[in-house]
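S.K.: Just passing along the structure, written as structure tokens.
We did not get these values from a lab; they are worked out from the coordinates using the rules stated. Since the model is a prediction, treat every value here as computed from it, not as a measurement. Cβ: placed from backbone, ideal geometry, glycine included. Neighbour counts: every protein chain shown.
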Amino acid sequence: MDMGRIVKKFLIRIKRYTWFSAQYYLYEKPRGLDFTMRQTDLYEKSEGRYNGYSKTSEKHLQEIFEKIPDKEDMSFLDIGCGKGVVLKEAAKYPFQKVDGIEIQQELVMTAKKNFEILEISDRVRCIHSDAVQFSRYGDYDVFFLFNPFSEDILQRVADKIIESRSERNHRTVIIYHNPVFLHVFERKARIKKKELLHDKLKNYDTCILELMR
Ligand SMILES: C[S@@+](CC[C@H](N)C(=O)[O-])C[C@H]1O[C@@H](n2cnc3c(N)ncnc32)[C@H](O)[C@@H]1O
């Protein structure tokens, strides 16, 4: 990697750290909220199979949700919802249902506390579940993933989502933030539409895929 790119990456990291720290210490902590602080020990504990917690920025989530048409006809699931920031933002749009699944019980508790403080507990649900074991993908149309796990786990989860499509004639939208294993979906399903967005704050892409019915 050349020097220019190293410096650019470093500056992006400083900007992100400053922005997220200000958000946490000035806005969240005084209200008892916590969406921001990273929690990465799951990665080591699971020997790299499951990634730890880091959040998607609210501004980028707004850009993403503006791109999704017909939200009132669709239900939303965040796979690996962590402390619930994606659900909090999704709840501002007219999705039929806004749910998330999360493998770490501690993060589920944090998400639930966040929703109570924000008084949105009747609108959003955070379910304690391993994405590989979850059996209700058929209830949802829009799936959000922020690079939650390794390629082999994503293969299994993608199979479950695609199998669940036969249950009813769903539209299927995959929103994949930091899409390191995008080829998993591209190989398993026929793609109707593909759109790429970029989050400047985190320097990550997001790919929105609509699958053929
Ligand atoms: C990068 S964080 C994303 C959090 C949130 N979706 C966001 O974008 O702000 C990934 C989350 O996936 C969770 N996770 C990892 N493996 C999982 C699995 N097998 N089932 C459910 N959640 C998982 C982690 O605990 C972590 O909270």
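S.K.: Only Lys, Arg, Asp and Glu count, each charged at its Cβ (+1, +1, -1, -1), so figure out the dipole size of the range 58-211 about its Cα centre, rounded to 20 debye. Walk me through the intermediate numbers first.
M.R.: Values: 25 positive and 27 negative charges, 45 e Å.
Once rounded to the nearest 20, the dipole reads 220 debye.
S.K.: Within the range 91-138, which GluC sites (Glu not before Pro) sit in a loop by DSSP and count at most 14 neighbouring Cβ atoms inside 10 Å?
M.R.: Numbers: sites: Glu102, Glu106, Glu116, Glu119; in loops: Glu119.
Passing both the DSSP loop test and the Cβ count: Glu119.
S.K.: Arrange the peptides 156-169, 86-99 so that the one whose residues have, on average, the most other Cβ atoms within 10 Å appears first.
M.R.: Peptide ranking by packing, descending: 86-99, 156-169.
S.K.: Ratio of alpha-carbon Rg to the 2.2 N^0.38 Å globular estimate for the chain, to two decimals, please.
M.R.: Numbers: Rg = 16.9 Å, N = 213, 2.2 N^0.38 = 16.9 Å.
Cα Rg divided by the expected 2.2 N^0.38 Å: 1.00.
S.K.: Using per-residue counts of other Cβ atoms within 10 Å, averaged over each peptide, order 135-142, 189-196 from highest down.
M.R.: Values: 135-142: 17.9, 189-196: 12.0.
The peptides rank, most packed first, as 135-142, 189-196.
S.K.: Specify the inter-centroid distance of the range 1-65 and the range 131-165, based on alpha-carbon positions, in whole Å.
M.R.: Cα centroid of the range 1-65 versus Cα centroid of the range 131-165: 23 Å apart.
S.K.: By DSSP, what percent of the beta bridges with both residues in the range 58-211 are antiparallel, rounded to the nearest 5?
M.R.: Numbers: 14 of 32 bridges.
Antiparallel: roughly 45 percent of the beta bridges in the range 58-211.
S.K.: Can you grab the distance from the C-alpha centre of the range 77-116 to the C-alpha centre of the range 176-208, Å, no decimals?
M.R.: 21
S.K.: Could I ask something else about it? What do you get for Rg/Rh of the range 1-108 when both radii come from the Cα atoms and Rh is the Kirkwood radius? Can you show the working numbers first?
M.R.: On the way: Rg = 16.2 Å, Rh = 15.9 Å.
Using only Cα positions, Rg/Rh for the range 1-108 is 1.02.
S.K.: Mind listing the phi-derived Karplus ³J(HN,Hα) values for the range 78-93, rounded to whole Hz, using 6.51, -1.76 and 1.60 with θ = phi - 60°, and x for any glycine or proline?
M.R.: Result, ordered by residue: 9, 8, x, 8, x, 8, x, 5, 5, 5, 4, 6, 4, 5, 7, 10 Hz.
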